[in-house]
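Note sheet for the following structure.
The values are calculated or read from the model by the stated rules, or taken from the named source; none is laboratory data. All values derive from a computational prediction rather than experimental measurement. Here Cβ is always computed from backbone atoms with ideal geometry, including for glycine, and neighbour counts include all displayed protein chains.
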Amino acid sequence: MTTYCYDGSFEGFLCAVADCLEAGEGQPEFTRNRDRQAGGLFSGDMRETVTDRASAVEFRKRLVEAVSQEAFATARYAFHSRKAGIEQLLWRYLVMGLQVGGRLCLMLAEEPVHSVNRIARQVAHEAHKFKGFVRFQEVEAGFLYARIEPEADILPFIAPHFVERVGDRPWMIHDLRRCQAAVFDLKSWRLIKDVELTSEPGVTAGEHDYAALWQRYFQRHAIAERHNPKLQQKHVPLRYRKHLTEFKSPRTPL
């Protein structure tokens with residue numbers, strides 16, 4: 001059994017899948033560069049996959065023509081769940097798609113289609129949630145900064161949204177869980193790896209004032225008679241609130 005080692009990106013995974021198909025592999029394994037030692041000494045042959053954008057685009061074109069754009073999007077969302085074993089699951093999904101063509105999207109009760117679709121929906125749902133849950137702060141360095149800790153690797157899905165919504169200011173959305181950030185420089189956005197906070201970013205005085213105003217507004221306009229913690233937690237689960245300005249206590253009275 002051959003283990004294909006790739007750089008951890010979706011493009012890299014597509015290149016690994018293309019290499020597997022070319023080599024005629026039936027049951028390959030996949031590992032990311034930084035996880036390659038986890039397989040142990042007796043996990044089979046190790047093959048390095050070079051990430052080549054042209055190869056990834058070519059495979060995408062092949063899949064879309066054979067199956068559909070929807071199937072490709074589903075695979076991409078599922079990949080970014082970063083769940084253990086997702087590569088093997090997607091390998092089976094992609095191979096099945098190339099074999100059965102457009103019928104893949106109708107085989108919702110069969111594996112691996114059922115699992116891939118379920119995981120993809122979870123990631124898409126979380127990405128949609130965070131489009132409303134990202135809270136930027138103006139920092140003294142001269143840009144907007146936001147922290148998130150999502151379950152899935154959703155930065156590639158939400159960054160384009162904020163380019164359109166907040167395209168007049170440079171910003172950074174920092175995924176603390178994965179130590180990576182989406183950075184926008186007024187022209188384009190890019191993903192930066194290994195980003196860690198060495199100290200709390202300095203927030204401007206104006207930002208402190210606006211945060212206090214928003215927190216006080218949020219608290220004073222609550223209707224006591226309609227207080228429904230269960231419903232509130234349903235719409236804004238507790239795990240999202242850590243970095244939401246409105247759920248923090250005002251720093252100073254107004």
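Annotations for the structure displayed:
- Residue among Gly167, Gly142 that is at positive phi and touching a residue at least 12 places away in the same chain (Cβ under 8 Å): Gly142
- Failed item, numbered, when Arg121 is tested on (1) farther than 30 Å from Pro28 by Cβ; (2) surrounded by fewer than 20 Cβ atoms within 10 Å (Cβ to Cβ): (1)
- Those helices (runs of 4 or more DSSP H) lying entirely in region 154-254 with at least 1 residues among the aromatic types (Phe, Trp, Tyr) and either at pLDDT 75 or above or closer than 25 Å to Ala75 by Cα (or both): 155-165
- Scanning region 119-147 for residues that are assigned to a helix (DSSP H, G or I) and of a type in the set (A, V, I, L, M, F, W, C) returns Ile119, Ala120, Val123, Ala124, Ala127, Phe130, Phe133.
- Selection count, region 61-118, where residues are in contact with a strand residue (DSSP E or B) (Cβ under 9 Å, 6 or more places away or on another chain) and among the aromatic types (Phe, Trp, Tyr): 1
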